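The values are calculated or read from the model by the stated rules, or taken from the named source; none is laboratory data. Here the structure is a predicted model, which is why all the values come from computation and not from measurement. When we count neighbours, we look across all protein chains shown, and the Cβ atoms used for this are built from the backbone with ideal geometry, even at glycine.
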Amino acid sequence: MSLVQASGVEDTTPPDPPEVVASPPDRRSGHRRTIGVGGRFGAAILVAVVGITLLAPLTSGDPLAQNFDAILQAPSSAHVMGTDELGRDVLVRVVFGGRTALAITAVSAVVASALGLALALLGALFGGWVDALTGRLADVQLAVPSIVLAIVVLSFVGNSFVPIVLVLVLGSWVLTFRVIRGHARAVVRQQYVEAARVVGSGRFGIARRHLVPSVLPLLAVAFTLNASSALLLESSLGYLGLGVQPPEPDWGQMVAAGQAQIFTAPWIALFPGLAVVLTAVGLQLLGDGLAERFVGGPALERGLAR
Amino acid sequence: MSVPPIVPAPTDPPRTTVARRLRAPVGWRYIGGRLLTGLVAVWGAVTLVFFALYATGNPAILLVPPDAPPDEIARLTHLLGFDRPLPVQYAHFLASVLSGTFPDSIRYGGDPLPIALEKIPASLALGLAGLLIGALLGGLVGYLSATARSAWLGRVPLGLAVSIESVPTFFVGIVLVIVFAVQLGWFPVTSAGDASSLVLPALTLAFAFVPAIARVFRTALLDVLQAEHIRTARAKGLPRHTLAWRHVIANSLGTTLNVVGIQAGVLLGGAVVTESVFGWPGIGQLSVNAVQNRDYPLVIVCVLVISLGFVLINLVVDVLAAIVEPRLRS
Amino acid sequence: MTAPPRLLTVTDSAAAPGEAAEPVLQLTGLTIGIDPRGGGALDPIVTGVSLQVPAGRAVGLVGESGSGKTLTALAVAGLLPPAVRVVAGGIELAGREVTGLPQKEARAHLAASVGVVFQNPTASLNPRMRIAAQLREALPAGTTRRQARERVAELLVAVGIPDVHKTLGAFPHELSGGLNQRVVIAMALARDPKVLLADEPTTALDVSVQAQVLDLLDELRDRLGLGVLLVSHDIGVIADRTDDVYVMSAGQIVESGSTAEVLREPRHDYTRQLLAAMPGRLDAVRPVGRAAGSEDPADEPAQLVLEDVRRTFGVRSSAGRAQHVALDGVGLTVRRGQAIGLVGESGSGKTTLARIVVGLERADSGVVSYEGTPLTRHSREQRRRWRREVQYVFQDPYSSLDPRLTVAQTLREPLEIHHRALSRHELAARIDSLLDEVELPRAFRDRHPSELSGGQRQRVGIARALATEPSLIIADEPVSALDLSVQARILRLLARLRVERNLTYLFISHDLAVVRYLCEDLVVLRQGRVVEQGRTDDVLHHPENPYTRALVEAVPGRTFA
């Protein structure tokens, strides 16, 4: 230290005092460690619903089998959910209807979340016109109500698997996009990301080290949001007759068919509807549990309030 | 540094109050900008319809009754320009939409535009009734959950409202029908368009609004309650209700309107479903029927009318939000 | 000057200096507790605070963050947050004991006798209401519409707002911070209070505006005989503006007395430490020769040169789009081994300049050269070198560390990028030596930022900047978010590192004392232009530019420091 001139050189600086970290600014402090009772319950519901529908062909009968000796029977031990006007077993049809509804929902949710995630990350990482373009794309999407989209696509293109998925994806990717984008933009504006740029990290490095790890928990939350919105939209399309066409069973479509018998046999409409509700509740509970765990608050308002 | 100059007291009190009241609350520039965005959205919907039509091959086949003779199809194909190059077709399509000329409705015959337009009052009545009930209910639930001291009042209504979010609108309608029309017999099952048949559809639609409004309003309230200016207002010793209405609730409306506006598309879907459940004679049911009847000219008209309506709704929401929240104007 | 307008009843309790006036605010043994879990058990956070504010006098309450000074003020104003309560002790306001009064009565008495001014003026006003409406509702109940209209205008005149009519019709976001603070003060005066509570009233404002607002408070105190309780962390402000002072630490008053005496001869250790930590009182650590100011640094090679750098931002405002000129043709030369202080008020462009130098922002025009080559014409090799040699220390110790990464992970990032050949073992050793260098225990390796204090975080930030073995460090207000005592330690650390590592500093600050401690050279920036530059001591003692002079004169505590 010969270069140093006198005073205060043998710096006797004591270590920082036990500075009281008053109300620790830990962003995680408000979070729970687990997804909570509700979240676990939701997960259990989903596992049960998916399991039952997957195993359906092994156990149940034929959802299309008509039995004119047993039409419009009330729920009983022989037909737990009763039968419809063609004598078909409602339980079997609900289970098989779930296969259609869940398959479409799952595919749509995966594609929609992936699309939303990709566009959001691109926008956040590249900023500038890429961000402006993806943002504008979402605006355009929001400006075309999904019901209009559904009517146009499904009436002109037809209502098979792919167009329905297309409608659901277009109708719900913005959800994931908004949730992730809001967060990713906030992260990218954080000084620690700027610090990473200054020490020489490239876009890829920043994405790998800072952005993706911070976005992943949110993606889980966004995915459940997306899935429940896709499920509700899918069943609504089915109900309106725009979705999967009879005789193939589908929850929404079965409710619509059952509505004609609502005075005499309300169970035909009730049970498939309850199946939708049960699945959606499972998704919502799981989503809220994940949100409490990772984000520190209910999922929806976090995403939409941005 | 010297004491800041004290300006002489003003001789005349501010006279701008009256003038300010007469001025438009939100600049025309702002409204114009929003309207332009909306028109771009309508143009998007029109383009979407065009390409959906185009994707089917020869759209002319779709636009005439199934039993139409081939020369009729050929005539229409030529008339609508479907034998021209794509850009020309597109220009033709835009021109016919702008001039309001559409092929005849397959189901009803004649110009489809008046058929769709005459359904608007019924849809409007249902929408307004549902929105009113939903906003009041959702607002109440949101306010309780943000401010109630008792855990019961704070959590239970919100929990109920939020769980409705997992129930698809058509099923809400079906359950209401089963309980109030089938079991209790209080209201008719399908609508005749009169007041008593409005109750169940309006409730169903309201339930589609309640969770979103409750959640968003709650978040907005909680944000405002934490804001520093609330502390300033409290320091003034304002009465409790003045503080609540003028400073807390009024300041939460802007955000709430904005977010609800973003979700307006979802809510519009809810309205279409509600009309179908109850056979409400509105534009939503008409368009669903048109799709089922493969009445493509009518479908096109319905889509345009709904899109325009959607743009108007958004415009109203934007203007309202800007009125209650001056910062949004800049 | 015109005669002060007749507006607020001038109380005759306005005491002449030295004369003991009766206290308008008296705290006796005030104890405040927090109930963190809502279970009813109260942890005390302020204990046994007693103080007096006589009419016509300004009393300072000084302390670092977490000392309980703000809670004490909030308790007086009846504005404690929900989980916090007064546990014991008395608050006597304008001759009336407030604790124990029924809530409604207490609120009415508080509203009538206390005016409150907060730290953040713009956030303290309702963004949705025009100024006129907000002032009107601050008037005492029962004011008629016509009276209200006159009073509101009078109040704004009294706080020295030039264009009253325009201000009345404006929304808070359309006004500057200084104007908004005047509005807040007007609001506090609206009910003719006896006591004015000012909680860090100028901390969010620029020095020049700060001085004006404090002048206004002084003037109002004299004219209206107000008792002013000024809560601040800034000893300079306290020294200039208060008659008596109470020093608070860890929820207790540790020392009190007349301001002049306490600051001249502090009796309590804490007060002494606090005073010693003032940047103006730190002993400088300078490289030999340089400190004497005799050697001309001009013969050193220029490391960084800025020529005619311009940068504008598009700003959207109610008036439509506007251009904000952040940098308006700035030229600057940084030579090896120099420490240049870059000072200016907010909006002067100093941060933009720093960001351009490290590549976080681009200049619209002009040339930024590093080691003789413009950044835009760097070869790959030169670019890598610039990236390694020029590093940045950020202002905010909270957002500049990734909350998900441990200290070691944060430090590993630059090491992995610039020293790829390092083995795992060598990496760990480097990280340990970096921690040593910034005086952090090696055990902190595995801590997350949430487990560190602000000062410790800033040390990690400095270690990260050192990891690439830089030669030029740009530091943007690296100590402004820290408490005085922590600030002093970080400044000493920076001074020592400069010597040990032979670093060049471009140091950005709004605080002249901090710059004076660390930098021999000074550049004054105003509205995107360099208005003055030279040796720090020369500029501070003999400012040539009127703006610099105003800036220097506006610094609080000059008489004292």
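Quick check, is C:VAL486 over 22 Å from C:GLU389 (Cα atoms), in contact with a Ser or Thr (Cβ under 9 Å, 6 or more places away or on another chain) and assigned to a helix (DSSP H, G or I)?
Here the answer is yes, as C:VAL486 does meet what is asked.
Being within 14 Å of chain C (Cβ to nearest Cβ) and either without any contact (Cβ under 8 Å) to a residue 60 or more places away in the chain or surrounded by fewer than 22 Cβ atoms within 10 Å (Cβ to Cβ) (or both) narrows it down to one of B:PRO239, B:PRO281, so name that one.
B:PRO239
Regarding C:LEU168, is this residue more than 9 Å from chain B (Cβ to nearest Cβ) and out of contact with any His (no Cβ under 7 Å at 6 or more places or on another chain)?
No; evaluated as a whole, the condition is false for this residue.
Residues that are crowded, with 23+ Cβ neighbours inside 10 Å and not hydroxyl-bearing (Ser, Thr, Tyr), at least 2 per element: which helices (runs of 4 or more DSSP H) completely within the stretch A:86-167 meet that?
A:90-126, A:146-156
How many of the residues making up the stretch A:129-153 are in contact (Cβ under 8 Å) with a residue 40 or more places away in the chain and within 9 Å of another protein chain (Cβ to nearest Cβ)?
Of the residues in that region, 3 qualify.
What residue, of A:SER146, A:SER108, A:SER113, is within 27 Å of A:VAL244 (Cα to Cα) and touching a Gly at 6+ places or on another chain (Cβ under 6 Å)?
So the residue among A:SER146, A:SER108, A:SER113 that is within 27 Å of A:VAL244 (Cα to Cα) and touching a Gly at 6+ places or on another chain (Cβ under 6 Å) is A:SER146.
Do we find that C:GLU381 is free of Cβ contacts under 8 Å to residues at least 24 places away in the same chain, in a helix (DSSP H, G or I) and under 24 Å from C:THR504 (Cβ atoms) in this structure?
It is true that C:GLU381 is free of Cβ contacts under 8 Å to residues at least 24 places away in the same chain, in a helix (DSSP H, G or I) and under 24 Å from C:THR504 (Cβ atoms).
Could you tell me whether any residue of the stretch C:6-25 is modelled with pLDDT under 90, more than 32 Å from the chain's Cα centre (by Cα), within 14 Å of another protein chain (Cβ to nearest Cβ) and at positive phi?
Looking for residues that are modelled with pLDDT under 90, more than 32 Å from the chain's Cα centre (by Cα), within 14 Å of another protein chain (Cβ to nearest Cβ) and at positive phi, one finds none in the stretch C:6-25, hence no.
Collect the residues in the stretch C:441-483 that are among the charged types (D, E, K, R) and either assigned to a helix (DSSP H, G or I) or at the interface with another protein chain (Cβ under 8 Å from one of its Cβ atoms) (or both), keeping them in residue-number order.
C:ARG442, C:ARG445, C:ASP446, C:GLU451, C:ARG457, C:ARG459, C:ARG464, C:ASP483
Check C:ALA106, C:ALA111, C:ALA141 and return the single one that is outside any loop (DSSP other than H, G, I, E, B) and touching a Pro at 6+ places or on another chain (Cβ under 9 Å).
After ruling out the rest, the residue left standing is C:ALA111.
So for the stretch A:224-238 (the condition being more than 14 Å from chain C (Cβ to nearest Cβ) and under 30 Å from C:VAL358 (Cα atoms)), does at least one residue qualify?
No, the stretch A:224-238 contains no residue that is more than 14 Å from chain C (Cβ to nearest Cβ) and under 30 Å from C:VAL358 (Cα atoms).
For C:TYR505, all conditions in the list (1) assigned to a helix (DSSP H, G or I); (2) away from chain A (no Cβ under 12 Å) hold save one; what is the number of the exception?
(1)
Out of all the residues in the stretch C:386-402, is one or more in contact with a Leu (Cβ under 8 Å, 6 or more places away or on another chain) and part of a helix (DSSP H, G or I)?
Among the residues of the stretch C:386-402, at least one is in contact with a Leu (Cβ under 8 Å, 6 or more places away or on another chain) and part of a helix (DSSP H, G or I), which makes the answer yes.
Kindly indicate whether any position in the stretch C:406-427 is in contact with a strand residue (DSSP E or B) (Cβ under 9 Å, 6 or more places away or on another chain), surrounded by fewer than 17 Cβ atoms within 10 Å (Cβ to Cβ), hydroxyl-bearing (Ser, Thr, Tyr) and more than 11 Å from chain A (Cβ to nearest Cβ).
no
Could you go through the stretch B:20-35 and let me know if any residue there is at pLDDT 70 or above and farther than 30 Å from C:ALA132 by Cβ.
The answer is yes, given that some residue of the stretch B:20-35 is at pLDDT 70 or above and farther than 30 Å from C:ALA132 by Cβ.
Of the residues that make up the stretch C:239-251, is at least one within 13 Å of chain B (Cβ to nearest Cβ) and either free of Cβ contacts under 8 Å to residues at least 60 places away in the same chain or under 30 Å from C:ALA141 (Cβ atoms) (or both)?
No - not one qualifying residue is present in the stretch C:239-251.
Can you name every residue in the stretch B:249-275 that is at the interface with chain A (Cβ under 8 Å from one of its Cβ atoms) and hydrophobic (A, V, I, L, M, F, W, C)?
B:VAL259, B:ILE262, B:ALA264, B:VAL266, B:LEU268, B:VAL272, B:VAL273
Here are some residues: C:GLY347, C:GLY314, C:GLY289. Which one is assigned by TED's automatic domain parsing to the domain that holds C:SER471, at pLDDT below 90 and in a loop (DSSP other than H, G, I, E, B)?
Within the list C:GLY347, C:GLY314, C:GLY289, the selection yields C:GLY347.
Can you tell me which of B:ARG84, B:ARG75 is among the basic types (Lys, Arg) and in a helix (DSSP H, G or I)?
The conditions single out B:ARG75.
Can you find a residue in the stretch C:107-127 that is out of contact with any Gly (no Cβ under 9 Å at 6 or more places or on another chain) and charged (D, E, K, R)?
no
Please count how many residues of the stretch C:144-168 are buried (at least 23 other Cβ atoms within 10 Å of the Cβ) and either in a helix (DSSP H, G or I) or free of Cβ contacts under 8 Å to residues at least 24 places away in the same chain (or both).
7
Of the conditions (1) surrounded by fewer than 24 Cβ atoms within 10 Å (Cβ to Cβ); (2) modelled with pLDDT of 85 or more; (3) within 11 Å of another protein chain (Cβ to nearest Cβ), A:PRO272 fails just one. Which one is it?
Of the numbered conditions (1) surrounded by fewer than 24 Cβ atoms within 10 Å (Cβ to Cβ); (2) modelled with pLDDT of 85 or more; (3) within 11 Å of another protein chain (Cβ to nearest Cβ), the odd one out for A:PRO272 is (1).
Tell me which residues, restricted to the stretch C:69-94, are under 21 Å from C:ASP243 (Cα atoms) and assigned to a loop (DSSP other than H, G, I, E, B).
C:ALA94
Restricting attention to the stretch C:194-219, report how many residues are more than 10 Å from chain B (Cβ to nearest Cβ) and more than 19 Å from the chain's Cα centre (by Cα).
Residues that pass the stated criteria total 3.
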